[in-house]
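Contents: one structure, followed by commentary.
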Amino acid sequence: MQEDPIVTISIINYNDRKFIFKAIESAVNQNYPNLDIIITDNNSTDGTREEIEKNIPEWEKKRGNKIKYIKNTENTGFGRPHNQAFRIAKGDFVLLLNSDAILTSDYIEKVLKPFEDEKVGAVQGKLLRYDFDKDELYKSKEAPELNVIDTTGLMMLKNRRIVCIGQGEADRGQFEKEKEVFGADGAVPVYRKSALEDVKMRITSKPLSGSQSHLEADAENGDEHIYEYFDENFFLYKEDVDLAWRLRLYGWKTIYIPEAVAYHGRGSGDSMAKNYIDIIKERRKINIRAKYLSFKHQRLMQIKNDFPSLLFIKHFLQFIIKELGAWAYMIIFERFLFRTLKDLYRDIPVFLKKRKTVMAKKRVGAKEMEKWFE
């Protein structure tokens with residue numbers, strides 16, 4: 001790997017006054033010398049849009065180089081603004097920094113180490129839970145001297161539930177070994193730019209939610225150079241898992257490195273719940289819109305990426321128990337059945353087309369993928 005490669009940092013703001021300035025400052029204050037910072041505002045109305053613009057000259061002076069500021073005219077969710085940044089990123093590597101995340105000053109220096117292996121497409125650092133109300137790290141209730149793990153990467157279960165490894169656990173040193181994981185969580189992932197270019201897909205239809213941007217219009221008019229990295233049919237939720245799955249299918253590794261530490265004030269999900277009572281307790285903490293989008297995108301993501309030989313043969317029992325339970329719970333307690341069925345009826349043909357593209361380019365078969373389903 002060349003000395004001090006450029007690292008692009010992509011940050012999105014949408015009415016995030018509580019978090020955004022700590023996130024940006026942590027990027028600006030990195031010890032790493034060669035940064036390309038892109039900030040995208042999703043049409044914020046809380047004054048942060050103007051305040052960020054006002055502060056950019058000071059941040060540029062501190063870094064010694066220009067900061068790109070994109071001002072969208074609508075809220076385009078999570079994946080689409082990061083895709084905007086991917087398309088103009090100067091970096092050999094791209095770090096996505098959630099507005100509710102804070103980098104330690106040496107994060108980038110530490111997180112680049114695994115990329116010395118050219119087969120590594122993404123890297124996950126150790127994220128600790130942060131309390132923005134108290135402006136301090138969360139401490140474990142059982143052991144107040146210990147921090148709380150937010151995530152050390154994504155794990156895919158045989159029933160197709162995705163969990164953050166270690167979420168909610170006291171940090172007792174149990175995650176101090178570098179290891180390969182299924183994928184990187186979307187809060188502070190770092191991607192190799194060439195891996196993103198490898199797995200990108202041409203945009204062939206406008207987003208299934210939200211209005212049509214000029215990028216999708218260009219694609220429909222025949223511009224073959226407009227691509228998506230995150231799936232732009234997902235407004236929010238599951239984009240990071242979908243991209244992680246595609247990286248795996250295309251033969252790229254994702255590595256967890258504990259030396260790279262960041263802080264995250266996660267909005268949902270307190271623990272890595274696995275039994276159904278705990279799962280229900282965790283789900284009740286999530287707002288209804290997030291539940292609906294997550295539920296729908298989970299099914300579309302499986303259509304796009306999964307192997308029938310694993311899903312319906314080797315993992316069928318685990319999958320069907322979870323799936324029947326999820327639908328039953330949704331019908332009884334969350335009651336967005338008809339909206340979900342209507343949307344899936346509309347969306348599934350689009351995702352079957354996407355599946356053809358993914359499966360045509362995959363380099364990894366079912367046998368290799370099976371080991372990533374816990």
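The values are calculated or read from the model by the stated rules, or taken from the named source; none is laboratory data. Owing to the predicted nature of the structure, the values given are computational and were not obtained by experimental measurement. Cβ: placed from backbone, ideal geometry, glycine included. Neighbour counts: every protein chain shown.
Restricting the first member to the stretch 360-374 and to residues that are at positive phi, and the second to residues that are basic (Lys, Arg) and surrounded by 14 or more Cβ atoms within 10 Å (Cβ to Cβ), no beta-carbon pair is closer than 6 Å while six or more apart or on different chains. For the stretch 149-187, the candidate set comprises residues that are part of a strand (DSSP E or B) and either among the aromatic types (Phe, Trp, Tyr) or farther than 28 Å from residue 325 by Cβ (or both); within that set, the residue that is farthest from the chain's Cα centre (by Cα) is 170. Looking at the stretch 285-293, can you tell me whether even one residue there is within 30 Å of residue 22 (Cβ to Cβ), of a type in the set (A, V, I, L, M), surrounded by fewer than 18 Cβ atoms within 10 Å (Cβ to Cβ) and modelled with pLDDT under 80? Yes, because at least one residue in the stretch 285-293 is within 30 Å of residue 22 (Cβ to Cβ), of a type in the set (A, V, I, L, M), surrounded by fewer than 18 Cβ atoms within 10 Å (Cβ to Cβ) and modelled with pLDDT under 80.
Of everything listed in (1) assigned to a helix (DSSP H, G or I); (2) in contact with an Asp or Glu (Cβ under 8 Å, 6 or more places away or on another chain), the single unmet condition for residue 62 is (2). For residue 132, are the conditions met, namely being under 18 Å from the mean Cα position of the chain (by Cα) and of a type in the set (Phe, Trp, Tyr)? Against the criterion (under 18 Å from the mean Cα position of the chain (by Cα) and of a type in the set (Phe, Trp, Tyr)), residue 132 does not qualify. Any idea how many residues of the stretch 27-57 are under 17 Å from residue 190 (Cβ atoms), free of Cβ contacts under 8 Å to residues at least 60 places away in the same chain and of a type in the set (A, V, I, L, M, F, W, C)? Qualifying residue count for the region: 2. Pick from the stretch 320-374 the residues that are of a type in the set (Phe, Trp, Tyr) and assigned to a loop (DSSP other than H, G, I, E, B): which of them is farthest from residue 155 (Cα to Cα)? Among those residues, the one meeting the criterion is 336. Does residue 56 meet the test of being on the phi < 0 side of the Ramachandran plot, surrounded by 16 or more Cβ atoms within 10 Å (Cβ to Cβ), in contact with a helix residue (DSSP H, G or I) (Cβ under 7 Å, 6 or more places away or on another chain) and outside any loop (DSSP other than H, G, I, E, B)? Considered against the rule, which asks whether it is on the phi < 0 side of the Ramachandran plot, surrounded by 16 or more Cβ atoms within 10 Å (Cβ to Cβ), in contact with a helix residue (DSSP H, G or I) (Cβ under 7 Å, 6 or more places away or on another chain) and outside any loop (DSSP other than H, G, I, E, B), residue 56 comes out as no.
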